[in-house]
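The values are calculated or read from the model by the stated rules, or taken from the named source; none is laboratory data. Since we're looking at a predicted model, the values are computed, not measured. Neighbour counts run over all protein chains shown; Cβ positions are idealised from the backbone, glycine included. For the accessible areas, the whole protein counts, side chains as well, though only heavy atoms, and no ligand, DNA or RNA atoms are used. Shrake-Rupley method; radii C 1.70, N 1.55, O 1.52, S 1.80 Å.
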Amino acid sequence: MSNPVGQAVLWLNDPLNWTNPGGILDRLGEHLGMSAAAVLLGCLVAWPAGLWLGHTGRGGGLVVLVSNVTLAIPTLALLTILPLTFLGFGRPAVVVALAVFAVPPLLANAYTGVRQTDPEVRDAARGMGLSGGQVLRRVELPLAVPYLAAGFRTAAVQVVATAALASFVNGGGLGQIIRAGFGLDIAAGGGQIIAGGLLVAGLAMLVELLLALVERLVTPRPLRPARRRANRRAADAVAGS
């Protein structure tokens, strides 16, 4: 096979490209590791802020502002700038840059999930003597879980797809396969470039399918239509519309 697609098939079917040091399995582990760390860091920052702002009902404008600002910063620019700080080149800078990219959907869905709580349910909880913090923990947070799952799904897929850029700052991951292909003559490296792109796209689609299933499992059936509408509103808020 002389065409690039045929070369990509041959490259993916070579067991050595999977098992050699720096091969697909090694790069896949790096890719998943830094993506998971970035999403976790994003959750630690965005979820508490989104839940609290949603609970107080005073942070809608701030959520939109933060989402717009973080989306306006190109991930590649962050990957270029952060290595010049104390983080240096490598994995830490990549994780922080990807975490910034993960914040908008996590923050918007956490805020929306709490705000979707029925005011009568909230008032009934307060009438039973629950404090503000108890209302958040016992009433609003459980009802917001489907929205948190939706934000987590969106953030994870975006981070997995964008983590391919980590190779530009020596961060590793599947993007390293694509970059190595560009370092070869196009006739020799074209198949490897396509193979790397297919691996990144396939991983993103697999993460999307798995987390879509998780999201469905944690969403009670009566809440699914309402959650879908709220997700669209959250996406509109992130887009600034």
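General remarks:
- Average accessible surface area per residue within region 80-196, 1.4 Å rolling probe, Å²: 42 Å²
- A protection proxy built from the mean count of other Cβ atoms within 10 Å ranks the segments 63-70, 36-43, 133-140, most packed first, as 36-43, 63-70, 133-140.
- Packing here is the average count of other Cβ atoms within 10 Å per residue, and on that basis the peptides 166-179, 190-203, highest first, run 166-179, 190-203.
- Computed extension length for Val45-Ala212: 57.8 nm, one decimal, from 0.36 nm per residue of separation with the Cα-Cα distance subtracted.
- From its DSSP helices (H runs of at least four residues, each -39,500 (n - 2.57)), the chain gives a residue-normalised ellipticity at 222 nm of -25000 deg cm²/dmol.
- Separation between Cα centres of region 189-213 and region 84-163, rounded to whole Å: 26 Å
- Using the average count of surrounding beta-carbon atoms within 10 Å as a protection proxy, the listed peptides 111-121, 155-165 rank, highest first, as 155-165, 111-121.
- Annotation: Phe182 carries an accessible surface of approximately 140 Å², with a 1.4 Å probe and no ligand, DNA or RNA atoms counted.
- With all protein chains kept in place, the per residue accessible area of region 1-65 amounts to 56 square angstrom at a probe of 1.4 angstrom.
- Within the accessible area of region 129-219 (1.4 Å probe), percent carbon and sulfur: 70 percent
- For the chain, the Cβ-based charge dipole about the Cα centre amounts to some 880 debye (Lys, Arg positive; Asp, Glu negative; other atoms uncharged).
- In the chain, inverting the average of 1/r over every pair of distinct C-alpha atoms gives 19.4 Å as the Kirkwood radius.
- Of the residues Val64, Gly90, Gly173, the one whose Cα sits farthest towards the positive end of the charge dipole of the chain is Val64 (charges of +1 on Lys and Arg Cβ, -1 on Asp and Glu Cβ, taken about the Cα centre).
- Accessible surface of region 11-116, 1.4 Å probe, proportion on carbon and sulfur as whole %: 72 percent
- Per-residue 3J(HN,Hα) values for region 138-152, derived from phi via the Karplus relation 6.51 cos²θ - 1.76 cosθ + 1.60 with θ = phi - 60°, read 9, 10, 6, 4, x, 6, 8, 3, x, 6, 4, 5, 5, x, 4 Hz in sequence order (x marks Gly and Pro).
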